[in-house]
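Here is the structure we will look at.
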Amino acid sequence: MKRRLQCLLIAAATLSASSITFALSDTPARSVSLDQNIDQATLHRFYFTDQGTRLIPAAWLDALKDADGDRIMDPEALSALGFLYDGVKDDAKNPYGWPIGFTVSDPARTGGIPIAGLSCAACHTGQIEYRGTSVRIDGGQSMIDLAGFAGRVLGAVSALAHDKARFVEFRNDAVKSGYPADRIDRDLEEAVEAFKSLGGGPSFYELHTVGAGRGRYDAVQGISNQVFGGDLGVPSNSQPLDAPVTYPQLWDIWRLSWLQFNGFLPPNSTSRNIGEALGVRARTNIIDPHTGELNPEPLRWKTSVQLDNLLWMEKTLERLTAPTWPTEVLGPIDEAKAAKGRDLFVDHCAGCHQIRETPDGLWDVVVVPLSKIGTDPNQATHWAGRTYDASKLGMSKNATAVELDVAINAIRRQLYADFNTPKEEQEADVQFHAPCGYKARPLIGVWATPPFLHNGSVRTVFDLLSDTRPARFRFGSREYDPAHLGYTEDDAPGSMMLETSIAGNLNTGHWWTDDTQRAGRIGPKLSDDDKYALIEYLKSANYENYPRTKVDKGRGLPCEDDKDWAKRAAAP
């Protein structure tokens, strides 16, 4: 139990609290579900399937209250943080009625106690709203404030250690929520002692130096911090969270030759999902929590990752198709304008964004060098250039995040052994890369994925196609702008002003301008008519009308043979 609370506290300590106003926005009166090739019953299972995150006993989370006495899992507060509900009542997979992406473990796998966690559905289930109608985007970008949620949990847990009356009330409420009465006193005592002794690392305020807000998070740095800092027991390895990115859409990811925004990961689904599970606090056993020393193998590489569930989720997502434009909600498509837009897309955009199909059926995605695309470099440069003391693992004291593949490979091989995975179903070891750029994936369904650029620094497609962009805008609303393809600047609960002058939030690059000397220029200045034609095509783009070509092999990665590019880029 001590280790369970440590996992929760480390999770909260590496995220920042946000300034949140807890008030529900007007609930859309009508909801629409799109056909994305997965039935609703399967989607419901996907929403609540446990992938192995171990945050806190579920009954404890259900009983936690903030300083004002309001439940942490209060639906109004969670809605203000951007979490979505699926509307199914009295469901065995979601016994507490929590939002999409919150999971409860099988107690048979967690020592008889159901443990709360998060799954990929929390961050990768989206919704747009328009004039009182909501449209669910499965596999889309969520608008959750993960840092705000973790900050609330940390504050509530901290209060328990210093307020006896609150502690007693929490204890009784946890039993009412299902925690065994014969175990709670002992388990809480161990947990509180673990909390009191926790320390030595930077606070969440110090780590989260660029506010992410709703719909963004520095996920890759979070994984690096968790493995090299928390799991390895070296708090000084934790680095600032200052490269927030949006949550990428999931449709077609199994086809892509390079994954993650900077394309560091080849198409190895098990490794991708293990990394994601570690980032949202799957339990590891790399070190002995009492001594800080490495555990012996094979215990060292055993985790709480639920491989069988991850494999089911991955196979399910392979069926997920891009959402189609809901004309009954957002209005009809101008077919003549869309046809003109497709011609413009072929001329100006297909060089990077077309489907390039290789003989093995993958889509070869182009990774565009930073020197050409000109967008905010933080995510790519931090991945390739920041260093960590990994000497505990027999590695360098100046290891980069690229070397996380050592741990991921070892964990995956151990999972195969623990779950008796047949040899023919096992993926080979993965090698991470450090490209100096960002990938340009096909844009089918992109209309449903605002805001734009990898860090969400451009509010609409219209702005993205322009030679100037707003330097600041209000960020966090789900109210959709069908004319410009993006969210409005409505002052929604939990929204914030996004300042694009801050490193990590830069809205530079991918410019359409006649200024041939501007860094990040990719094409000429477009007229408004041409912008609207391209927008109309992106509304209508589908698997049949999207530009594609066949290629003999995939392209390589920029800077693949230059190991020091990130250090040079970071030099003054």
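The values are calculated or read from the model by the stated rules, or taken from the named source; none is laboratory data. Not measured: the values here are computed from a predicted model. Here the Cβ positions follow ideal geometry from the backbone for every residue, glycine too, while neighbour counts run over all protein chains shown.
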Item to complete: Assess whether Glu427 counts as being touching a residue at least 60 places away in the same chain (Cβ under 8 Å) and among the acidic types (Asp, Glu).
Response: yes
Worksheet entry | Criterion: surrounded by fewer than 17 Cβ atoms within 10 Å (Cβ to Cβ) and not in a loop (DSSP other than H, G, I, E, B) - qualifying residue of Ala519, Ala417 | Ala417
Worksheet item: Using beta carbons and a limit of 7 Å, which pairs, at least six apart or on different chains, have the first residue in region 530-544 and touching a residue at least 12 places away in the same chain (Cβ under 8 Å) and among the aliphatic types (A, V, I, L, M) and the second one surrounded by fewer than 23 Cβ atoms within 10 Å (Cβ to Cβ) and not in a loop (DSSP other than H, G, I, E, B)?
Response: Ala533/Lys337; Ala533/Lys340; Ala533/Leu344; Leu534/Leu344; Leu534/Phe345; Ile535/Phe462; Leu538/Val446
Discussion item. Could you check region 423-450 and list, in sequence order, the residues that are farther than 20 Å from Phe345 by Cα, outside any strand (DSSP E or B) and not hydrophobic (A, V, I, L, M, F, W, C)?
Written reply: Lys423, Glu424, Glu425, Gln426, Glu427, Asp429, Gln431, His433, Pro435
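Residues are listed down the side, and each one gets a yes or a no for (1) part of a loop (DSSP other than H, G, I, E, B); (2) touching a Lys or Arg at 6+ places or on another chain (Cβ under 9 Å); (3) surrounded by 20 or more Cβ atoms within 10 Å (Cβ to Cβ); (4) modelled with pLDDT of 95 or more:
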{"position": "Asp515", "(1), (2), (3), (4)": "yes, yes, no, yes"}
{"position": "Lys525", "(1), (2), (3), (4)": "yes, no, no, yes"}
{"position": "Ala533", "(1), (2), (3), (4)": "no, yes, yes, yes"}
{"position": "Tyr543", "(1), (2), (3), (4)": "yes, no, no, yes"}
{"position": "Thr549", "(1), (2), (3), (4)": "no, yes, no, yes"}
{"position": "Lys553", "(1), (2), (3), (4)": "yes, no, no, no"}
Worksheet, complete the sentence: Lys392 passes all but one of the listed conditions (1) in a helix (DSSP H, G or I); (2) basic (Lys, Arg); (3) modelled with pLDDT of 95 or more; the exception is number (3)
Worksheet item: Considering Asp334, Asp343, which residue is free of Cβ contacts under 8 Å to residues at least 60 places away in the same chain and touching a helix residue (DSSP H, G or I) at 6+ places or on another chain (Cβ under 9 Å)?
Response: Asp343
Worksheet item: Taking region 471-501 only, how many residues are in a loop (DSSP other than H, G, I, E, B), surrounded by fewer than 16 Cβ atoms within 10 Å (Cβ to Cβ) and at pLDDT 95 or above?
Response: 3
Fill in: Considering residues of region 279-324 that are surrounded by 18 or more Cβ atoms within 10 Å (Cβ to Cβ) and part of a helix (DSSP H, G or I) only, the residue modelled with the lowest pLDDT
Gly279
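Residues that are farther than 24 Å from Ala492 by Cβ: list the strands (runs of 3 or more DSSP E) wholly contained in region 115-180 that include at least 3 such residues.
115-118
Across region 360-374, what is the total count of residues that are in a helix (DSSP H, G or I) and out of contact with any Gly (no Cβ under 6 Å at 6 or more places or on another chain)?
So the count comes out to 2.
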Discussion item. If I filter region 344-351 for residues that are surrounded by fewer than 20 Cβ atoms within 10 Å (Cβ to Cβ), under 29 Å from the mean Cα position of the chain (by Cα) and of a type outside the set (A, V, I, L, M, F, W, C), do I get at least one hit?
Written reply: yes
Worksheet, complete the sentence: Picking from Arg283, Arg272, the residue that is touching a strand residue (DSSP E or B) at 6+ places or on another chain (Cβ under 8 Å) and free of Cβ contacts under 8 Å to residues at least 40 places away in the same chain would be Arg272
Discussion item. Return the residues of region 420-439 that are surrounded by fewer than 21 Cβ atoms within 10 Å (Cβ to Cβ) and of a type in the set (Ser, Thr, Tyr); say none if nothing qualifies.
Written reply: Thr421
Worksheet item: Among (1) in contact with a helix residue (DSSP H, G or I) (Cβ under 9 Å, 6 or more places away or on another chain); (2) in a loop (DSSP other than H, G, I, E, B); (3) of a type outside the set (Val, Ile, Thr); (4) closer than 30 Å to Arg131 by Cα, where does Leu43 come up short?
Response: (2)
Worksheet item: If a residue has to be within 24 Å of Pro296 (Cβ to Cβ), in contact (Cβ under 8 Å) with a residue 40 or more places away in the chain and among the β-branched types (Val, Ile, Thr) to count, how many in region 396-424 make the cut?
Response: 3
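May I ask you to list the residues in region 95-120 that are in contact with a Leu (Cβ under 9 Å, 6 or more places away or on another chain) and surrounded by 19 or more Cβ atoms within 10 Å (Cβ to Cβ)?
Passing the criteria: Trp98, Pro99, Ile100, Gly101, Phe102, Thr103, Ile115, Ala116, Gly117, Leu118, Cys120.
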Worksheet, complete the sentence: Phe462 vs (1) farther than 26 Å from Gly151 by Cβ; (2) not in a helix (DSSP H, G or I): all pass except (2)
Worksheet entry | Given (1) in contact with a Lys or Arg (Cβ under 8 Å, 6 or more places away or on another chain); (2) buried (at least 21 other Cβ atoms within 10 Å of the Cβ); (3) farther than 24 Å from Asn273 by Cβ; (4) at pLDDT 90 or above, number of the condition Arg166 does not satisfy | (2)
